[in-house]
Amino acid sequence: MLATNGIPTAEELAPRIPPAERLKKGPVAVIECFQKIPCNPCYTACRVGAIEKFEDINDLPKIDFEKCTGCGLCISKCPGLAIFVVDETYSESEATVSMPFEFLPLPEEGQEVDLLDRSGAVVGRGKVVKVRKGKYEDRTPIVTVTVPKHLSMVVRNIRVGGGKK
Ligand code: SF4
Ligand code: SF4
């Protein structure tokens, strides 16, 4: 069960986190979907079959991390805003996190933003390296930000503007 505040526990998250060896190979999706609802656009969005076919529409998605290319096509198709792509190979000290972002204004590429954890707490500052809002992102734009590598599984939102006080 998710905690009543909607934030998954460490135990719930553990099976969703790709193995360290996979993270060393490049970008990969982290699917933080925990509620059994009739929904499967993540499966239909994936062109390489990384998300297993749902036996039942209420199933939770199961991902094959080795098949996942980290393309991010599934991010904007998820109505639950539950999919992120993490790239721990971005640089020596930084990873990137790509996330759905539904607020306006959208940040600009190169802009510094506050990095937020799942509870909305500010955990640092990062730089926007990509904003995808093209034809394929018809539902939700995707923002990619740099994060300190040790926060790659912590940062799950951003706040445009702000700055450390
Ligand atoms: S990131 Fe791309 S390859 Fe990975 S599960 Fe999503 S759509 Fe499939
Ligand atoms: S599209 Fe999103 S909410 Fe729906 S099953 Fe897939 S991950 Fe869960």
With +1 on each Lys and Arg Cβ and -1 on each Asp and Glu Cβ, and nothing else charged, work out how big the dipole of the chain is about its Cα centre, in Debye to the nearest 20. 320 debye
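Which trypsin sites (Lys or Arg not before Pro) in the range 7-53 sit in a loop by DSSP (not H, G, I, E or B) and have at most 16 other Cβ atoms within 10 Å of their own Cβ?
Numbers: sites: 16, 22, 24, 25, 36, 47, 53; in loops: 24, 25, 36, 47, 53.
Within the range 7-53, the qualifying trypsin sites (Lys or Arg not before Pro) (loop, at most 16 other Cβ atoms within 10 Å) are 24, 25, 36, 47, 53.
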Where nothing but the Cβ of Lys and Arg (+1) and of Asp and Glu (-1) is charged, how large is the charge dipole of the range 1-95 around its Cα centre, in debye to the nearest 20? 300 debye
Environment charge at residue 78 (Cβ cut-off 11 Å; Lys +1, Arg +1, Asp -1, Glu -1): +1
Selection from 19, 158, 45, by position along the positive dipole direction of the chain (Cβ): 158
Residue of 56, 87, 117 that the Gaussian network model of the chain assigns the largest fluctuation, springs spanning Cα pairs under 10 Å: 56
Using a Gaussian network model of the chain whose springs link C-alpha atoms within less than 10 Å, name the residue from 92, 12, 32 with the highest mean-square fluctuation. 92
Residue-by-residue Karplus 3J(HN,Hα) for the range 68-82, coefficients 6.51, -1.76, 1.60, Hz, glycine and proline x: 5, 9, x, 5, x, 4, 6, 4, 7, 8, 8, x, x, 6, 10
Let me cross-check residue 23: its accessible surface, 1.4 Å probe, with only protein heavy atoms counted, in Å² to the nearest 10? 10 Å²
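Under unit Cβ charges (Lys, Arg +1; Asp, Glu -1), what dipole magnitude, rounded to 20 debye, does the range 40-103 have relative to its Cα centre? Mind showing how you got there, number by number?
Working: 5 positive and 11 negative charges, 63 e Å.
The dipole magnitude comes to about 300 debye.
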Can you show me the helix-derived [θ] at 222 nm for the chain, built from DSSP H runs with n ≥ 4 at -39,500 (n - 2.57) apiece and divided by the number of residues, rounded to the nearest 500. -1500 deg cm²/dmol
Of 120, 103, 147, whose Cα points farthest to the positive end of the dipole of the chain (charges on the beta-carbon: +1 Lys, Arg; -1 Asp, Glu; origin at the Cα centre)? 103
Would you mind computing, in nm to one decimal, how far apart the modelled labels at residue 132 and residue 13 are, each placed 7 Å from Cα along Cα→Cβ? 2.3 nm
Which entries in the list 36/130; 77/127; 77/133 go over 21 Å, if you measure between the two C-alpha atoms of each? 36/130; 77/127
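How much of the accessible area of the chain, probe 1.4 Å, is carbon plus sulfur, in whole percent?
Details: 4770 of 8970 Å².
Taking all protein chains in place, the chain shows 53 percent carbon and sulfur surface.
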List every residue whose amide H lies under 5 Å from the amide H of residue 157, counting only residues 5 or more places away in sequence or on a different chain, with H placed 1.01 Å from N in the peptide plane. 116
Accessible surface ranking that places the most exposed of 44, 89, 146 first, with a 1.4 angstrom probe: 44, 89, 146
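The values are calculated or read from the model by the stated rules, or taken from the named source; none is laboratory data. For clarity, every value in this text was computed on a predicted model and none was experimentally measured. In this analysis, Cβ positions are derived from the backbone assuming ideal geometry, glycine residues included, and neighbour counts consider all displayed protein chains. Heavy atoms of the whole protein, side chains included, go into the accessibility calculation; ligands, DNA and RNA do not. Shrake-Rupley method; radii C 1.70, N 1.55, O 1.52, S 1.80 Å.
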